[in-house]
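Here is the structure we will look at, set down as structure tokens.
The values are calculated or read from the model by the stated rules, or taken from the named source; none is laboratory data. Given the structure is predicted, the values throughout are model-derived calculations rather than measurements.
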Amino acid sequence: MEETLDAKPAHYRLSRATWEIILEAYRNGATVPELSERWRVSQHALRKRITVHGATKRDWGDARAREQAEARARMQAERAAAEAVRAEALFAPSEEEADETAEVLAETAMRASARAMRGRMWDEARALAQLAEAYGRMAQRSERTRGRGEVTLDDIPLELIKALALNEDQCASSRLAIWDEADPHPAKQEYWAVSADRRKAEVDEWVVLLWERKTLKARVRELEAAAGLDSGFDPGSDEGVADDEESFI
């Protein structure tokens, strides 16, 4: 028959040295129920001694917090280093992969996805497969464009894009000019239709601003006249405003 130990308080008279051992164990993390069962001392007596001697777990808790913080820092550093190693292993360059075309990038991403799958890195494998698919679509578009001899925005030099955007030396206007009414190119027709709409919107906005200016000046003259003030306003200036309005309408 297995012998069992009695955990009930025995109400022993413990020496000061024994109490120091118990209190030290409490300071180092032991709980009151644990110490009560181990030393067969009532929890009430333990808490009384803890209060009288001011035994706290502050130092123990502070040490535990430092240990946990240092452990977390080590784990984060190890995780970052492991991720860097994995990334380097996935994208390790080789001599045949020096040309960074869309086809090569698609193949590189697919190889990396296969390596990630073999390493059971499922999220990385899925993301790399999607990247390979995107590069594959880019490669197909480039192939179709080269087959037709066309140029895409990705191929145009930046200086040329800037010149077209700023219409330097009227390069865009002259290139898109319709010299023949029978010119059927839809890009030219759309360009001039959009330009006409923008010009009309600018003129309409300018006319509204001129009208508001004229109305405001008339209101100012009324208020000055009501107050008996001499505005010193030149009546001829309204005529200039009217002329400007007529020229834009």
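Summary table below
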{"quantity": "Unmet criterion (only one of (1) at pLDDT below 85; (2) within 28 Å of the chain's Cα centre (by Cα)) for residue 94", "calculated": "(2)"}
{"quantity": "Residue in region 201-221 that is at pLDDT below 75 and of a type in the set (Val, Ile, Thr) present", "calculated": "no"}
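Rundown of residues vs (1) part of a helix (DSSP H, G or I); (2) among the small types (Gly, Ala, Ser); (3) modelled with pLDDT of 85 or more, yes/no style:
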position: 44; (1), (2), (3): yes, no, yes
position: 64; (1), (2), (3): yes, no, no
position: 67; (1), (2), (3): yes, no, no
position: 77; (1), (2), (3): yes, yes, yes
position: 86; (1), (2), (3): yes, no, no
position: 103; (1), (2), (3): yes, no, no
position: 110; (1), (2), (3): yes, no, yes
position: 113; (1), (2), (3): yes, yes, yes
position: 117; (1), (2), (3): yes, no, yes
